[in-house]
Amino acid sequence: MLSNPSRFDTLRLLSANGGLLFDNHCLRPEYNSMQCDIRLADDTSPLLPDTKCLLLLGEHAMHKYLPETLGNSLNEMRGSLMYHKGIPAIASYLPQDAVDLKNYEKENNPYAKDYSADSEVSSSDEDEDEGNVKGLGKTKRANYSFWLKADTAKCKKILADYSPVVGKPKYIIYPSAKEVIECLQDNKEKVLWYDKETDIEECNWQCFSFSFDGSTIYSVPVLDYNYKWAYTNLHHILRALAVAIRDNTLVAHNGQTFDFFILAWKYHIAIRKTYDTMIAMHRCFPDIEKSLGHCVSYWTWEKFHKDENSIAYRTHDQMMDRLRYCGKDVYTMYLVYNAIESYAKTIPGLSDSIRAAMRCIRPYLISTLQGIRVNEDKINSMCNENDRLMVQYNRMIEILIGEQGMKDIRGTGKVGMFAGSTKQCCTYFHELLGYPVMFRSKDTGQPSLGKKSLYKLALKYNNPVLTLVNIYRSTKKETSRLRFLPWIDDRPKVTI
């Protein structure tokens, strides 16, 4: 089901590069487009008899066949298993959007249906926004084809008589303190799937959920909705949690920079053996989005639940909503963990690569919290050497450009280092030499020359100034990364 014909679909649907992508990259080798009933979403004719699955391409098609998604964007619901009159349905991106570098459909196709802006993220090399790693996050246009193929693969599984399994674990919301403590203390040498929710302002611990088997999930409040302790013996619960973290492998999504860090930094709970599903996803597919929502849509059949989190934590109902939401995060993380572990065994060396990354988490946390023990004299020597190199690189650049050229570039402004000034570089390369603009700032619309834009220009033009600017900036970045947090030596002092 297509939301609309593409700008190339004058004779048939799914033509041009979008059709080729869908046919060759998504359907084959098991199927081809001639075996599919391809139609527009606004086509009111009945479905063919024995239709097994619907692939809804575009947000309009999703909303048309799944009215329960009207409050959601395609970016949120894509990849979720839903049903239209009992028929399994999967939503995904339009094939032509998956091959276009920009939203040319919106600009050039009068039949294009509008869709939510949050699913439209630039694929520019300068865009480093990964979105919200706990939610679904944003999806880069450059990755639309990956997700379209993944969503189509789910449809092919259904066509092959695969029965999607959507789990229904037992959620124990607001359990008794005795039940929580016993469960945490009685389990040893297992995997502990864990998630927590905090407020934004001060990272105050509102609640956490955990499970040892994925079938029973406990959602435990730390603070109640009026920000008083949820249990009179909360300290016993936190002690039991610390024991469970010590005696088991702690699994979280984005734990390295959030869950594990908050536990160690704010609540002084030591972290031992850890596993971060976000890092594992990155090892599997380095260029693909790795929010929990994206991971769930790729590895599982679970429906999108990231919109079920309560906006606030001020009433009893909002607290219960957050507890249920936190529990669902744990269950979906459990599914993602098992799916990644199974997949890693099919790729030589991937399991070892994931394990190597997990071994780095604890040293990373220690260095973040304690600082790094370094040789200050060696750092200062390296920084001084880099400063001398940068002066010489800039001197060579000015010789190549010439005295008059530098005057034209700088005008009456500050002198500064040419290579370190994006404005001076843009004036020289774009205005004086007439090189094409590779990237513009989203806020001002003015040309911007980041590292990747400079590399693109260097591939097109044999100009040594481009090479020197890149070397200068690499050296400057190396120097900036030699600044370490001072080591906190908390070992007891021994006096002899």
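Values quoted throughout were computed directly from the atomic coordinates according to the rules given, and no laboratory measurement underlies them. These numbers come from a predicted model, not from an experiment. Cβ coordinates were reconstructed from backbone atoms using ideal geometry, including for glycine residues, and neighbour counts include every protein chain displayed.
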message = Give me the one-decimal nm value for the distance between modelled label points at residue 417 and residue 25, 7 Å along each residue's Cα-to-Cβ direction.
response = 4.0 nm
Nearest-0.05 FRET efficiency for residue 467 and residue 378, computed from C-beta distance (R0 22 Å) = 0.20
key: region 158-193 and region 303-326: distance between their alpha carbon centers, rounded to Å   = 19 Å
key: Span-rule helices in the chain, defined as complete DSSP H runs reaching 30 Å or more along the axis (Cα) with Kyte mean at least 1.0   = none
message = Just to be sure I understand the model, the point goes 7 Å from the Cα along the line to the Cβ. What's the resulting residue 315 to residue 157 distance in nm?
response = 3.8 nm
For region 12-61 versus region 344-414, the gap between their alpha-carbon centres in whole angstrom = 48 Å
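Report, in cubic angstrom per residue, the convex hull volume of the C-alpha atoms of region 134-189.
184 Å³
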message = Residues of region 365-405 with the amide nitrogen closer than 16 Å to a label point 7 Å from the Cα of residue 482, along Cα-to-Cβ, please.
response = 374-393
ask   = Taking a ≥ b ≥ c as the square roots of the eigenvalues of the Cα gyration tensor of region 12-61, is the shape rounded (a/c under 1.5), prolate (a/b larger than b/c) or oblate?
value = oblate
task = Could you pull out which residues in region 414-437 have an amide N less than 17 Å from a spot 7 Å beyond the Cα of residue 446, following the Cα-Cβ vector?
result = 414-432, 437
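Could you list, in their original order, any pairs among 407/451; 157/290; 113/168; 190/493; 168/266 whose Cα atoms are separated by more than 32 Å? Don't jump to the answer; show the numbers that get you there.
Numbers: 407/451 25 Å; 157/290 23 Å; 113/168 36 Å; 190/493 37 Å; 168/266 34 Å.
Going by Cα-Cα distance, 113/168; 190/493; 168/266 fall outside the 32 Å limit.
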query = Label points 7 Å out from Cα along the Cβ direction at residue 433 and residue 108: separation in nm?
reply = 3.0 nm
The chain - percent relative contact order, Cα under 8 Å, separation 6 or more = 12 percent
Region 376-480, relative contact order [Cα under 8 Å, separation at least 6], % = 34 percent
key: In Å, descending, principal axis extents of the Cα set of the chain   = 90, 74, 47
ask   = Which of the pairs 64/149; 156/303; 149/456; 85/138 have their Cα atoms more than 24 Å apart in this structure?
value = 149/456; 85/138
ask   = With Rg and the Kirkwood Rh both taken from Cα atoms, where does Rg over Rh land for region 332-434?
value = 1.29
query = In the chain, what percentage of the DSSP-assigned beta bridges are antiparallel, given to the nearest 5?
reply = 45 percent
